[in-house]
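These notes are about the structure you will find just below.
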Number of protein chains: 2
Amino acid sequence: MKAIVIIGDGMGDRPLAALNGKTPLEAARKPSLNMLAEKGVCGIIDVIAPGVPPGSDVAHLALLGYDAEKVYSGRGAFEAIGFGVEVLPNDVAFRCNFATVDSKLKVIDRRAGRIANVDAARLAEEFKEVTLQGHEDVQILFKNTIQHRAILLLRGAHLSTMVSDSDPHIVGKKVLEVRPLNSTAEAEKTAQLLNELTHHFHKVLKNHPVNIERESAGLLPANIVLCRGAGKLPDLKQFPLQYGINAVAISAMPLVKGVCKAAGMKLINVSEATGTYDTNVLAKAHAAVKALRSYDFVFVHVKATDLAGHDGRVDEKVRMIEKLDQLVGYIIRNVDLGTTCIAVTADHTTSSRTREHEGDPVPVVIYGPEVRTDDVKEFTERACARGGLGRIRGKDFMPIIMNLLGKTKKFGA
Amino acid sequence: MKAIVIIGDGMGDRPLAALNGKTPLEAARKPSLNMLAEKGVCGIIDVIAPGVPPGSDVAHLALLGYDAEKVYSGRGAFEAIGFGVEVLPNDVAFRCNFATVDSKLKVIDRRAGRIANVDAARLAEEFKEVTLQGHEDVQILFKNTIQHRAILLLRGAHLSTMVSDSDPHIVGKKVLEVRPLNSTAEAEKTAQLLNELTHHFHKVLKNHPVNIERESAGLLPANIVLCRGAGKLPDLKQFPLQYGINAVAISAMPLVKGVCKAAGMKLINVSEATGTYDTNVLAKAHAAVKALRSYDFVFVHVKATDLAGHDGRVDEKVRMIEKLDQLVGYIIRNVDLGTTCIAVTADHTTSSRTREHEGDPVPVVIYGPEVRTDDVKEFTERACARGGLGRIRGKDFMPIIMNLLGKTKKFGA
């Protein structure tokens with residue numbers, strides 16, 4: 001028995017006035033998801049715990065079977081390895097943004113006008129070999145990734161993830177002074193270093209030729225780097241070892257790729273899978289079906305459903321769910337349903353009204369030739385709540401799949 | 001209010017092709033179980049956790065309300081006390097088999113041709129007072145029980161349960177060298193002692209007159225003892241004290257008897273209840289009804305349902321469920337339904353296809369004059385999933401029963 005697990009990012013929603021009280025899943029035409037519901041067993045998942053809105057990183061940790069509350073420190077390290085940046089066990093990693101601030105360090109644009117890769121690369125060049133006075137024992141590694149996005153790694157003894165963000169997350173606010181989040185010397189040293197580094201970023205960037213060029217071209221200057229999500233790479237029990245399987249993940253989103261990689265899964269890149277509205281879901285489906293020939297477990301993450309929710313574009317969310325349904329349909333038609341489990345769920349609920357992650361449970365369906373089917377015939381939040389799986393926690397999802405694959409270990413005699 | 005709890009060992013199953021997609025519970029004629037479902041409240045239980053296949057020992061610990069993950073170290077001690085062997089708090093106990101190996105210690109038969117009690121007793125006589133050189137501080141106690149089965153106790157300071165099995169569990173494999181499972185001196189000493197003892201067993205047994213007799217009679221010699229399941233007796237909060245009740249268990253299976261005894265329950269032996277296909281369930285039912293006159297809580301364990309699953313005998317499993325239904329029917333007809341709760345569940349799912357314990361939840365029904373009934377009218381895996389109890393954990397089962405008996409303590413003011 002093999003398995004394909006498909007995650008529709010932020011696919012869960014609430015009843016929306018714009019859809020006459022339906023959720024986007026209820027409004028979408030989704031024959032393949034409904035077929036899975038009819039032939040499989042359904043339920044709802046509190047990805048972390050009831051009422052707790054999960055981030056995509058902790059949600060994926062949980063759905064892969066980890067106790068996110070124990071292993072998670074911050075997004076930084078996952079995002080770094082998701083971008084292919086090597087992170088060593090004690091590195092403290094940050095997700096960074098090139099941003100635009102005014103002379104008083106008030107944020108004008110958190111993404112420096114979504115700066116082009118080529119400009120970001122030239123600016124990042126300046127921070128290749130930074131050493132800060134008084135912190136010569138800390139190696140500072142900085143790498144731009146896509147557009148305004150970048151990664152910062154601090155490598156050295158006596159560092160801590162227990163520091164706040166310099167990123168104020170809101171336009172119009174001043175860049176924040178980084179504070180230690182506990183009273184250890186390590187947290188104090190790390191906070192101090194980051195504050196000095198923030199000033200160094202600004203000093204180097206504000207009159208940089210690239211920014212002078214940008215401004216004369218009417219573009220926003222990338223005159224600071226904002227840091228957030230301090231995190232170490234958790235020492236995760238490797239997913240393939242734990243269950244004795246080989247496993248691969250298909251995702252366009254560095255954060256999710258990073259979590260899967262940290263769990264020991266291989267990654268497949270599908271170039272047409274962009275993580276945006278124009279993502280080619282069939283290319284992803286094709287890659288998943290092909291991967292199933294060599295792997296026992298294929299994990300497919302679709303980002304586009306979440307974007308629509310965050311943008312409050314209800315119709316677009318419905319359309320993205322219909323695209324995900326096409327991906328599911330392709331998989332159903334192209335795998336052996338007698339030897340393949342197919343599960344679909346979401347990593348969190350995103351309300352298209354609040355445009356935020358919410359703590360409502362997400363629907364789940366597990367198809368398999370031996371599952372105990374139920375009466376649910378539709379893959380929606382409300383229909384799945386009546387399903388045979390009942391209401392489970394995110395970290396219980398993977399053991400249930402692995403049990404169907406005959407890969408869980410007996411406890412006791 | 002009193003209670004009878006009936007456990008159908010391994011009674012849960014998956015939809016089976018051999019039963020046209022039904023589970024054995026769905027295929028069985030079971031009017032009494034269905035009557036309980038109709039008049040009671042149903043649900044499904046993850047005995048340990050979703051997807052985790054439980055052994056019968058940890059499953060019973062959980063169903064009796066204990067946190068098996070905290071208290072369990074191994075089956076040995078439960079099996080020992082289930083056989084009536086006294087186990088002291090720090091003894092390390094092993095379940096053993098007389099077995100047959102070739103001259104290279106490769107296992108030919110893990111049960112020495114299911115050696116007769118009389119032969120096993122004569123062989124066990126040789127190990128009544130063993131002392132191993134260099135381990136004079138460890139008292140070694142060995143006792144045969146039924147056929148090939150035996151118990152080994154190591155008594156002394158500086159011993160550990162953290163050692164692997166010498167039993168390779170598979171015919172054709174060599175007897176395993178016991179390894180310490182952590183780096184303590186205690187685990188190393190225990191492993192070393194077991195390895196020396198294994199050689200001692202073989203040295204004494206290989207040319208033993210009983211084995212020479214057996215071989216000339218065409219029987220397999222019992223020329224080694226295989227050990228497994230190192231465990232200490234956990235210091236369990238005593239069940240009767242905890243709830244202020246007197247409690248008794250009826251089971252033919254030493255492992256389950258041991259768990260119940262460790263929990264502080266009395267044991268009733270029913271000689272016709274054999275734990276095999278020919279078990280006299282009505283004798284057990286009769287004993288249970290009689291016990292209810294003197295006890296508040298009667299625990300009845302039926303092994304036969306599990307045997308059929310492990311043997312892959314689907315029709316036999318259906319038949320054993322129908323026998324269990326007769327036991328339930330007798331109880332229903334012979335107790336006062338106005339003052340008795342009757343609960344039925346299983347300790348784990350056994351797939352009749354894989355022939356292994358599986359991590360799928362088990363169905364549960366609780367009848368009582370005051371339970372909040374639901375719409376479930378059939379005691380099956382799928383029907384119970386729609387029940388009013390929802391999906392609960394094994395360790396929550398007993399507090400629910402005790403609450404109906406008015407025996408749980410209020411928490412808070």
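Things to note:
- Qualifying residues in segment A:272-304 (those that are more than 15 Å from A:I4 (Cβ to Cβ) and of a type in the set (S, T, N, Q)) - the one surrounded by the fewest Cβ atoms within 10 Å (Cβ to Cβ): A:T276
- For A:I331: the one exception among (1) buried (at least 24 other Cβ atoms within 10 Å of the Cβ); (2) on the phi > 0 side of the Ramachandran plot: (2)
- Residues that are under 24 Å from the mean Cα position of the chain (by Cα), within 12 Å of B:T345 (Cβ to Cβ) and not hydrophobic (A, V, I, L, M, F, W, C) within segment B:26-53 comprise B:G43, B:D46, listed in sequence order.
- Residue within segment B:299-307 that is out of contact with any Leu (no Cβ under 9 Å at 6 or more places or on another chain), within 14 Å of chain A (Cβ to nearest Cβ) and not basic (K, R) present: yes
- Search result, residues across segment B:1-16 that are assigned to a strand (DSSP E or B) and farther than 17 Å from B:Y277 by Cβ: B:K2, B:A3, B:I4, B:V5, B:I6, B:I7, B:G12, B:L16
- For segment A:369-376, the count of residues that are acidic (D, E), at the interface with another protein chain (Cβ under 9 Å from one of its Cβ atoms), out of contact with any strand residue (DSSP E or B) (no Cβ under 7 Å at 6 or more places or on another chain) and open to solvent by 30 Å² or more (accessible area, probe 1.4 Å) is nonzero.
- B:Q238 meets all of the listed conditions (1) at pLDDT 95 or above; (2) more than 20 Å from B:V87 (Cβ to Cβ); (3) of a type outside the set (A, V, I, L, M) but one, namely (2).
- Flag for B:F239 being within 20 Å of B:R111 (Cβ to Cβ) and either in contact with a Cys (Cβ under 6 Å, 6 or more places away or on another chain) or among the hydrophobic types (A, V, I, L, M, F, W, C) (or both): no
- Every residue from segment B:311-322 that is within 20 Å of the chain's Cα centre (by Cα) and either of a type outside the set (D, E, K, R) or surrounded by 24 or more Cβ atoms within 10 Å (Cβ to Cβ) (or both): B:G312, B:K317, B:M320, B:I321
- Taken over segment B:56-71, the criterion of being buried (at least 24 other Cβ atoms within 10 Å of the Cβ), within 11 Å of chain A (Cβ to nearest Cβ) and out of contact with any His (no Cβ under 6 Å at 6 or more places or on another chain) is satisfied by B:S56, B:D57, B:V58, B:H60, B:L61, B:A62, B:A68.
- Count of segment A:398-413 residues which are in contact (Cβ under 8 Å) with a residue 12 or more places away in the chain and at the interface with chain B (Cβ under 8 Å from one of its Cβ atoms): 7
- Scanning segment A:378-397 for residues that are more than 7 Å from chain B (Cβ to nearest Cβ) and among the acidic types (D, E) yields A:E378, A:E381.
- Only listed residue being touching a residue at least 60 places away in the same chain (Cβ under 8 Å) and within 14 Å of chain A (Cβ to nearest Cβ), chosen from B:V85, B:V52: B:V52
- The set of residues in segment B:139-150 being open to solvent by 40 Å² or more (accessible area, probe 1.4 Å), among the polar types (S, T, N, Q) and at pLDDT below 95 consists of B:Q147 alone.
- B:D347 within 14 Å of another protein chain (Cβ to nearest Cβ) and under 20 Å from the mean Cα position of the chain (by Cα): yes
- Residues in segment B:92-120 that are of a type in the set (V, I, T) and not in a strand (DSSP E or B) were compared, and the one that is nearest to B:D167 (Cα to Cα) is B:I115.
- The residues listed here are A:I212, A:I170; of these, the one that is of a type in the set (A, V, I, L, M), open to solvent by 70 Å² or more (accessible area, probe 1.4 Å) and part of a helix (DSSP H, G or I) is A:I212.
- Filtering segment B:99-109 for residues that are hydroxyl-bearing (S, T, Y) and touching a Gly at 6+ places or on another chain (Cβ under 8 Å) leaves a non-empty set.
- Residue pairs whose Cβ atoms lie under 8 Å apart, separated by 6 or more positions or on different chains, with the first residue in segment A:58-78 and free of Cβ contacts under 8 Å to residues at least 24 places away in the same chain and farther than 18 Å from A:L181 by Cβ and the second hydroxyl-bearing (S, T, Y) and surrounded by fewer than 22 Cβ atoms within 10 Å (Cβ to Cβ), do not occur.
- Criterion (open to solvent by less than 50 Å² (accessible area, probe 1.4 Å), at pLDDT 95 or above and in contact with a Gly (Cβ under 9 Å, 6 or more places away or on another chain)) met by exactly one of A:A346, A:A308: A:A346
- When segment A:106-138 is filtered for residues that are open to solvent by less than 50 Å² (accessible area, probe 1.4 Å) and under 19 Å from A:L153 (Cβ atoms), the ones remaining, listed by number, are A:A120, A:A121, A:L123, A:A124, A:F127, A:V130, A:L132, A:H135, A:V138.
- B:S32 being of a type in the set (S, T, N, Q), in contact with a Ser or Thr (Cβ under 8 Å, 6 or more places away or on another chain) and either within 12 Å of chain A (Cβ to nearest Cβ) or surrounded by fewer than 24 Cβ atoms within 10 Å (Cβ to Cβ) (or both): no
The values are calculated or read from the model by the stated rules, or taken from the named source; none is laboratory data. All figures in this text were calculated on a predicted structure; none of them were measured in a lab. When we count neighbours, we look across all protein chains shown, and the Cβ atoms used for this are built from the backbone with ideal geometry, even at glycine. Note: accessible area is taken over every heavy atom of the protein model, side chains too, but ligands, DNA and RNA are not part of it. Shrake-Rupley method; radii C 1.70, N 1.55, O 1.52, S 1.80 Å.
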